[in-house]
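Below you'll find the structure, written out as structure tokens, and then a few comments.
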Amino acid sequence: MRLDKYLKVSRLIKRRTVANEACDAEKISVNGKVARASYDVKVDDVIEINMGQKSLKVRVTQVTEYVTKDTASDLYQVLS
């Protein structure tokens, strides 16, 4: 699954266009490297989101196309 779509489905970022723009602005890194929106997300990838003063680091635990709002947080594990 594409990185921008994963960020939207997991509800880490509300909209896919915002996720796409964040990738273009180099605010998203995967496994320590700046990632493009087309990056193929895999289980155990570590995604770091640097938006404003906040920084969020998560580990991917699942990759699925559709989830409900209640189960969206099961797709990742917060590291810091």
TODO: Using only the Cα atoms of the chain, each taken as one equal point scatterer with no solvent, compute I(q) by the Debye sum, divide by I(0), and report log10 of the ratio at q = 0.17, 0.21 Å⁻¹.
DONE: -0.56, -0.89
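Highest mean first, what order results for 48-59, 8-19 on Cβ atoms within 10 Å? Present the calculation step by step, with values, prior to reporting the outcome.
On the way: 48-59: 13.1, 8-19: 17.1.
Descending packing order for the listed peptides: 8-19, 48-59.
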Task: Label-to-label distance, nm, for residues given as R36 and R15 (7 Å Cα→Cβ offset) - done: 2.4
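Each reported figure results from applying straightforward, stated rules to the coordinates on display, with no laboratory input. Note that this is a predicted model, so its numbers are computed, not measured. Heads up, the Cβs are rebuilt from the backbone with ideal geometry, glycines too, and the neighbour counts pull from every protein chain shown.
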